[in-house]
Structure formats: structure tokens, C-alpha cells
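Participant: Have a look at this one before I ask anything.
The values are calculated or read from the model by the stated rules, or taken from the named source; none is laboratory data. This structure is a prediction, so every number in the text was calculated from the model and none was measured. Cβ: placed from backbone, ideal geometry, glycine included. Neighbour counts: every protein chain shown.
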């Protein structure tokens, strides 16, 4: 069978590959989200003709309920990519729609297949998205066979292995990280063994190894569990490990290892190799060895790596991550080909990027990930981290390709499916995303992170009846971690269910280790529910937990203005503190439009209208995000400029700010924009 070439459309300096869903210029591929690409193609199909907003909404979102803001954001995306600041390519016809003004044509040099004639010389046929769906269906069928064997009985049930954290029986041990790090590395190595399903550390390390094995196995949906201990002293260690079958409680394998120095590396490899061989006897020994071998024989380098790994597992601030990086650099200085340490460096730099938003960390993370993959092409952690980084940088097509390859090579790995699902969701491929979320949850039903991420996705799809039990399950699995309660609260909050969100956030407060986040969110929920006194009390507690958060002091001022027992003078003190703290931040980020806009609102609330207006004008010179537009609307409302406030509130909605928040806001909810 012959093949057709890609159908290419050209206009100005741009080339549109219809089948791949990409736009490029001068051999540089430019990223457009799938919905934005679909809008562009619809406009090109009707070039020179006015296309109404209603027509575009029906053509692109016929099966989804969205606001006009979704279309507005797509037009913004397209103009940004095409550098169409003057609207010469896509012209807006006020209150009516858009016209594609450029002269688009099929590129005959690249179009191998004849195109049928249309009124405008271009025909857009079935796109690449349909082909992608077919490809995913093949993967899912394969995985369904693997996860849920046919009922004929000819295929055995899958083996699911959980590794519990090893207990440390050493009195006053110096290397307190050793027991957990050793068990974590055994887990990581076993996860690299083809066709062996291993419950991720996030799920299995949440369990107490002292609990009943059958109970743990049921929670994690595991068929086998590894338990172990470290005893002795730092001069001479003894490691004990056992492989237990959950259903019977029988010990299938056990090993005792007396070791010192470099023996630790050999011990880890022996344990992983023995267990993998016991569970997957059809694998050739060489295949197991390739997966479980450690890429260094240097005991000092390995110990530095274990220290760093344990730090990264618990790090919540950049200082600890920096210490972990120092140890990893020392390990790599001793052993430059130490793959595990290079992959851990990628994770560390990505974590710093999350914590500090420092652009330099991105290049360092990409460098470490790619080096680890160069050294070991099948290193799963590095491959997943690389996919995550590509997603963070907006290289969605590359991220999807990277993660699809990882899923194909490790179909039994739940986190590979989770990462792919999140990329697919961001690319608006909700059906495919749903499948991979579902597979991830089926592979690890006891993984709270997977359940929470899946629930959040379902909530965004307005499938709350399906989302709520998953959130509740995640919370029940890790009841003392505030993260999953807060995720649940945020999902309820964004649905406008403020009373329910407040209850969930308040339940998270005793477990909150994130500087008053639950307190602030609970206060915001009560505020939008009109319960101002309760909101004010929670914001007071949040300010004690995080006294440097300028936005919390601004929230205090807002709630105080509406709370019955709070004076105008108290509100002034709160706003003054908010201005002081925001000003300190401004000395670090002088071009931050959101800071300028917030200072503008606080200044106007304090009665200093001139400085408030000036701050808002400075905000207008920066990037206008939904938060900036909201603050400008609040500023104009405080000045009683209702028309301007309504315009900026509408702009905030177009940029993605939820309309329900504005309607519930005690200052903006009365704008004519929201008259019903």
C-alpha cells in the first residue's frame, strides 16, 4: 500500500501541517494547544469570510460546556504564536467574530494527495487526532489483557509486588537514612524489571511494615510484599529481607546478609535479583541483571547517593534540595557514569524549579535527564522526569511522545500512565487521558496521588459524582497528609461549592505543613460564601502561620471590611501591612504586574487613590493575567468606576477566572455584568 504525504498549508512565513497538527516557521516548530490549532484550522477553512463566535464555539466545543473565555484564550494563543500583535492575520470584528485575512494555500510541493476543491481552495479532512486515538486503542487493549486477563483461565493473574520501608533496628545509628533508602532502591530496581508490576514508593511507603501483611496487601492490591530490616552498627550491618505471598501469608524467600563497605551495593543487587527471579522465572538472568544492577562499585559514591535520595524524598525547601545536589555532585565526581545519581540530579533540579521558579534550573534538569538516558536508555525515572520537564516548558508534543514510549516499554508502571494522562488532559484529549488515568488507578488502587490526580481531572470534566469517592479514598489512605484534602477542597471551590470546600479545608488544618495554605483556603471559601466573621478568624490564623504572605494580609483587610465586629481602623492596618510586604517582594520582582495591581487595590482601599491608580497603570505595562485583571476590576470598583470595573471583570473571565467566583465576590458580584 502506498503512503500519502502530509497535507501542508502555507501563508505568509508559516507552514501548517494538517495531519500532524503543527505550525512551523523557518524549520522551527511552534507549539499550539489542540483546541487553538482547531480554531486556527476552522478560520483558515473560511479565510476571507466572517466567522461568528457562535459558529466557532459550536464547531470546536460542540460536546463541552465552556464560556467565551475559552475561545478568547485560543485566539490569544494563535496571535502569540503567529506574532500577530496588529491583528493583520486574524482580524476581530467587534461583537461579531473573526476573519482570517492572510492568503492561505495548499503547498503543492508537499501535498502528495490531491485535494478536493472547496470554495476557498482548501479542504481539511479527518485530522491526526483520529489516528492518534486508534494508536492509543491498540496500547489499551494490550494493557487490558495484561491487567485483566481473559476469563478463559489460560493466563495467570498478574503479580503485583509492594516493597515496604525496611525497619531500622540499630540503636543510635549514624546513618539513619540507610534502612529506608535501601528499601527504596530495591523498589526502584525491581520497577525496572520488564513485566514485573511494582507498587510505587508513594503508595507502599505510606504503609506501616508492622501491620498485618494481608491487610497491607488488600490496601495496595498487592499479591506479594517485601519486608526487611537493618540491624547491627555502622561498622558491620546485617540486612534481612523476606518475600511474602499475601494470600497465604507464606514466606516464599528470605535472605540474611552480613556486610560492610561496598557489600551494600552487592546486597541490594542480590536481593532485587533473587526476588525478581523468584517471581518471574521465565525471564533470562541477564535481563534481570540489566534491570537491577547498580552503575557504580564505589561505596562512598553510593552512600552519598543514598543520603541525597533520602533528602529528596522529604525536602520541602530549596536548602535541603541544595544539600542533596551537593552530595550527588560529590558522588558523580567519584563515579562520572553513575546513572542513578545523574537521574536524581534531574529530579533535584526540577524540584528547585518548582520551589524557586528559577529558570536556570530548567536547563540543568534537562541536561541531567538527557545524560542519564544517554547512559541508560531504559532508565524509567529519567524518562518520566524528562516527560515532566517537556510538559512544564510547553513542548507538549515531545512530552507526549516521550511518555508514550515509556508506557510502551513499561506498561505495568502506574506512574508512567499517570504522567501520560496529565499531558493528554492538558492537550484536551480527555477521552485518552481518562483511559490512562483509569489504567494507572487500576494498576495501583492504593496510590493516593493517582486517585487524587484522577479525581481532580474528573472534577474538571464536571464528573463530580465520580470524583468525590476517589478524593475520599485518597484521604482515607493518607489521613495525616493535608495535600489530598486540599486538592479535594480546591476542586469543590472551583465548582462554586464554597461551604463544602470550607469544611474540607478546615479538616486539613490539623495536618497542614504548608505554611497556612489550608487556613487561607478555608478563609477564602467562607468569604465567598458570605461568612465574613469566620473568614476573618481563619485569615488571622493564616497570618500567624505565614506572616510574610502579603496576600493573606490583603485578605484580612477584605474580610475585616465586611465582618460585623471589625473596625475600619483594623482594616487599614491590615492593608498597610499588605502594602509593606508586597513592596518588599516588588524590590525583588520590580516588573511583576500582579504585585503592582495588588498594591494598587490596597492603596485605593487606604484612600490613597493617586498612588493606587499609579500602581494599576504600572501593572498595565506587564503581563495581564486573570489575577491582574481581577485586581484592576477591584480597584476600579473601589473608585466607583462601575463601567471600567465591569470591563476588567469580563476580561478576567475571558482569561480564565471562574465567573462563579466573581458572582460570589461581595465587591464585584453587584456589577451590572452579573445581572440575572
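Participant: Among the residues of the stretch 371-381, are any touching a helix residue (DSSP H, G or I) at 6+ places or on another chain (Cβ under 8 Å) and over 23 Å from residue 302 (Cα atoms)? Lay out the reasoning, then the answer.
Facilitator: Going through the stretch 371-381, the residues touching a helix residue (DSSP H, G or I) at 6+ places or on another chain (Cβ under 8 Å) turn out to be 371-373, 375-376, 378-381.
If we keep only those that are over 23 Å from residue 302 (Cα atoms) as well, we get none.
Scanning the stretch 371-381 turns up no residue that is touching a helix residue (DSSP H, G or I) at 6+ places or on another chain (Cβ under 8 Å) and over 23 Å from residue 302 (Cα atoms).
Participant: Does residue 536 satisfy the condition of being within 30 Å of the chain's Cα centre (by Cα), modelled with pLDDT of 90 or more and crowded, with 18+ Cβ neighbours inside 10 Å?
Facilitator: Working: within 30 Å of the chain's Cα centre (by Cα): no; modelled with pLDDT of 90 or more: yes; crowded, with 18+ Cβ neighbours inside 10 Å: yes.
It is false that residue 536 is within 30 Å of the chain's Cα centre (by Cα), modelled with pLDDT of 90 or more and crowded, with 18+ Cβ neighbours inside 10 Å.
Participant: Find the helices (runs of 4 or more DSSP H) located wholly in the stretch 561-676 whose residues include 1 or more that are free of Cβ contacts under 8 Å to residues at least 40 places away in the same chain and more than 33 Å from the chain's Cα centre (by Cα), and list them.
Facilitator: Numbers: elements: 568-588, 593-605, 609-619, 626-638, 642-654, 659-664.
In the stretch 561-676, the matching helices (runs of 4 or more DSSP H) lie at 568-588, 593-605, 609-619, 626-638, 642-654.
Participant: Residues 232, 261, 277, 255: which one is farther than 21 Å from residue 305 by Cα and at pLDDT below 65? It would help to see each step written out before you state the result.
Facilitator: Working: 232 fails: at pLDDT below 65; 261 fails: farther than 21 Å from residue 305 by Cα; 255 fails: at pLDDT below 65.
Answer to the check: 277.
A quick yes/no check of all residues on (1) at pLDDT below 60; (2) buried (at least 21 other Cβ atoms within 10 Å of the Cβ):
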residue	(1), (2)
190	no, yes
197	no, yes
202	yes, no
211	no, no
215	no, no
227	no, yes
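Participant: Now a separate question. Mind listing just one residue for me: the one in the stretch 420-445 that is under 18 Å from residue 483 (Cβ atoms) and surrounded by fewer than 24 Cβ atoms within 10 Å (Cβ to Cβ) and, of those, farthest from the chain's Cα centre (by Cα)?
Facilitator: That would be 441.
Participant: Is it true that residue 644 is modelled with pLDDT under 90 and more than 17 Å from residue 582 (Cβ to Cβ)? Show your work before the answer.
Facilitator: Details: modelled with pLDDT under 90: no; more than 17 Å from residue 582 (Cβ to Cβ): yes.
So residue 644 does not fit the description; no.
Participant: Test residue 62 against the criterion of being at pLDDT below 80 and either assigned to a helix (DSSP H, G or I) or exposed (fewer than 13 other Cβ atoms within 10 Å of the Cβ) (or both), and give yes or no. Steps first, answer last, please.
Facilitator: Working: at pLDDT below 80: yes; either assigned to a helix (DSSP H, G or I) or exposed (fewer than 13 other Cβ atoms within 10 Å of the Cβ) (or both): yes.
Answer is yes for this residue.
Participant: Shifting gears a bit: For residue 23, only one of the following conditions fails: (1) within 30 Å of residue 659 (Cβ to Cβ); (2) modelled with pLDDT of 80 or more; (3) touching a helix residue (DSSP H, G or I) at 6+ places or on another chain (Cβ under 7 Å). What is its number?
Facilitator: The single condition residue 23 does not satisfy is (1).
Participant: So in the stretch 8-28, with the set limited to residues that are in a strand (DSSP E or B) and without any contact (Cβ under 8 Å) to a residue 12 or more places away in the chain, which one is farthest from residue 48 (Cα to Cα)? Spell out the reasoning first.
Facilitator: Taking the stretch 8-28 and keeping what is in a strand (DSSP E or B), we get 8-11, 14-17, 22-25, 28.
Pick out the ones that are also without any contact (Cβ under 8 Å) to a residue 12 or more places away in the chain and you get 17, 24, 28.
Details: 17: 20, 24: 22, 28: 27 Å.
Out of the qualifying residues, it is 28.
Participant: When residues of the stretch 389-419 are filtered for being in contact with a helix residue (DSSP H, G or I) (Cβ under 6 Å, 6 or more places away or on another chain) and in a helix (DSSP H, G or I), how many remain? Walk me through how you get there before you give the answer.
Facilitator: Taking the stretch 389-419 as the starting set, the residues that turn out to be in contact with a helix residue (DSSP H, G or I) (Cβ under 6 Å, 6 or more places away or on another chain) are 389-391, 398-400, 402-403, 406-407, 410-411, 414, 416-419.
Keeping just the survivors that are in a helix (DSSP H, G or I) gives 389-391, 398-400, 402-403, 406-407, 414, 416-419.
Number satisfying all stated conditions: 15.
Participant: Just the residues that are without any contact (Cβ under 8 Å) to a residue 40 or more places away in the chain and closer than 24 Å to residue 495 by Cα, please, taken from the stretch 437-449. Can you show your working first?
Facilitator: Looking only at the stretch 437-449, we keep the residues that are without any contact (Cβ under 8 Å) to a residue 40 or more places away in the chain, and these are 437-438, 440-441.
Within the stretch 437-449, 437, 438, 441 meet the criteria.
Participant: Kindly indicate which of 592, 640, 665 is surrounded by fewer than 22 Cβ atoms within 10 Å (Cβ to Cβ) and at positive phi. Outline the logic, then answer.
Facilitator: Values: 592 fails: at positive phi; 665 fails: at positive phi.
Criteria check complete, one pass: 640.
Participant: Still on this structure: If only one of 313, 383 is over 30 Å from residue 22 (Cβ atoms) and under 22 Å from the mean Cα position of the chain (by Cα), which one is it? Before you say what the answer is, go through the steps one by one.
Facilitator: Numbers: 383 fails: over 30 Å from residue 22 (Cβ atoms).
Criteria check complete, one pass: 313.
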